[in-house]
Amino acid sequence: MPKAYEEIADDLRRSIRQGEREPGAQLPSEAELARYYRRSVPTIQNALRLLSAEGLIDKRHGRGTFVRRPRTRAVRDNERHQWEKDRALMPEATRAETGATERETGLVIDDLVFYARYRELAAPGDLAGAFGVPEGTVLLERTYRTRHAAETAPFSLVTSYLVREMVAANPDLLDEANEPWPGGTQNQLHTVGIEVDRVEERFTARPPTPEEARELDLPAGTSVILLRKTSYDTHDRIVDITAVTLPGDRTELLFTTRLERW
């Protein structure tokens, strides 16, 4: 049998999802809710904690509790890499029309705010070992943030690493001012003669760090999904290592496995 706070949470959840309480609307105070439901304030607080963990409400210090505005969801599937590879050979005008973020969110390019920062660094032991290069080899670290213009938090936190020497033949690839690059990393690598052969992705999950929770504006209790993406070229070299932190409250991972017919 559901506990009292769960029944209250169910009723409030229903009112939010059915539009009786619109995004941005303020909920009654805890004392008012306690009188309405004829329950104690601690019971109301437990119900509100549950809804907060689900990302349905925000408690703002000194102001009250508000219905959280829906966040743009992203659906990341495992067919994106072939889609990106196909686009890498298309004319620039075609590549510039849409990117992976638009594909995953249904937004258009004018809806997005994009940020990129490049810096060079000496490869630490773990990255040097992964790339198969000596420790201290110069890497190009690229940090990306993309968000909906109507929202304040990015869809993910992305850091990508390339071996500088691999891409230095095209100086444009070393300059963050050329971002967002039409066609993304696969087209960038194509300009220096590198063809991506396969992409390996490893996913784990954990509670966010305080910095991640703040930057992604995560509801309390929300986990992050960690993605480590490793791209190999047709000579079996690792050519890109990317770390992606995805917000668990608005990211869906979709995997389609096509099976050979008997």
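A few notes on this one:
- Selection from the range 215-253 of residues that are in contact (Cβ under 8 Å) with a residue 40 or more places away in the chain, open to solvent by 50 Å² or more (accessible area, probe 1.4 Å) and outside any strand (DSSP E or B): Glu215, Asp217, Ala220, Gly221, Arg237
- For the range 96-140, the set of residues classified as out of contact with any strand residue (DSSP E or B) (no Cβ under 9 Å at 6 or more places or on another chain) and of a type in the set (Ser, Thr, Tyr) consists of Thr98 only.
- Of all residues making up the range 128-161, the number that are farther than 21 Å from Glu252 by Cα and among the β-branched types (Val, Ile, Thr): 4
- Counted residues, the range 90-114 - those being surrounded by 13 or more Cβ atoms within 10 Å (Cβ to Cβ) and either within 19 Å of Arg250 (Cβ to Cβ) or under 15 Å from the mean Cα position of the chain (by Cα) (or both): 12
- If you go through the range 182-195 and keep only what is more than 18 Å from Leu139 (Cβ to Cβ) and not hydroxyl-bearing (Ser, Thr, Tyr), you end up with Pro182, Gly183, Gly184, Gln186, Asn187, His190, Gly193, Glu195.
- 1 or more residues open to solvent by 40 Å² or more (accessible area, probe 1.4 Å) and not aliphatic (A, V, I, L, M): qualifying strands (runs of 3 or more DSSP E) within the range 1-86: 57-60
- Looking across the range 1-35, the residues that are among the small types (Gly, Ala, Ser) and either under 11 Å from Val67 (Cβ atoms) or without any contact (Cβ under 8 Å) to a residue 24 or more places away in the chain (or both) come down to Ser15, Gly19, Gly24, Ala25, Ala31, Ala34.
Per-residue answers, yes or no, for (1) in contact with a Phe, Trp or Tyr (Cβ under 9 Å, 6 or more places away or on another chain); (2) open to solvent by 70 Å² or more (accessible area, probe 1.4 Å); (3) closer than 30 Å to Arg68 by Cα; (4) in contact (Cβ under 8 Å) with a residue 60 or more places away in the chain:
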{"residue": "Ala116", "(1), (2), (3), (4)": "yes, no, yes, yes"}
{"residue": "Gly129", "(1), (2), (3), (4)": "no, no, no, no"}
{"residue": "Glu141", "(1), (2), (3), (4)": "yes, no, no, no"}
{"residue": "Ala153", "(1), (2), (3), (4)": "no, no, yes, yes"}
{"residue": "Leu157", "(1), (2), (3), (4)": "yes, no, yes, yes"}
{"residue": "Tyr161", "(1), (2), (3), (4)": "yes, no, no, yes"}
{"residue": "Glu165", "(1), (2), (3), (4)": "no, yes, no, no"}
{"residue": "Leu174", "(1), (2), (3), (4)": "yes, no, no, no"}
{"residue": "Trp181", "(1), (2), (3), (4)": "no, no, no, no"}
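- Within the range 183-214, tally of residues that are within 30 Å of Val67 (Cβ to Cβ) and either open to solvent by 70 Å² or more (accessible area, probe 1.4 Å) or under 14 Å from the mean Cα position of the chain (by Cα) (or both): 9
- Selection from the range 19-72 of residues that are touching a Phe, Trp or Tyr at 6+ places or on another chain (Cβ under 8 Å) and of a type in the set (A, V, I, L, M, F, W, C): Ala25, Leu27, Ile44, Ala47, Leu50, Ile57
- Test: Ala130 is within 19 Å of Ala243 (Cα to Cα) and either in a helix (DSSP H, G or I) or under 17 Å from the mean Cα position of the chain (by Cα) (or both): yes
- Within the range 41-73, restricting attention to residues that are under 27 Å from the mean Cα position of the chain (by Cα) and of a type in the set (Gly, Ala, Ser), the residue that is farthest from Glu7 (Cα to Cα) is Gly55.
The values are calculated or read from the model by the stated rules, or taken from the named source; none is laboratory data. Note that this is a predicted model, so its numbers are computed, not measured. Backbone-built Cβ (ideal geometry, glycine too); neighbour counts: all protein chains shown. Side chains are part of the model used for accessible areas, which takes the heavy atoms of the whole protein and leaves out ligands, DNA and RNA. Shrake-Rupley method; radii C 1.70, N 1.55, O 1.52, S 1.80 Å.
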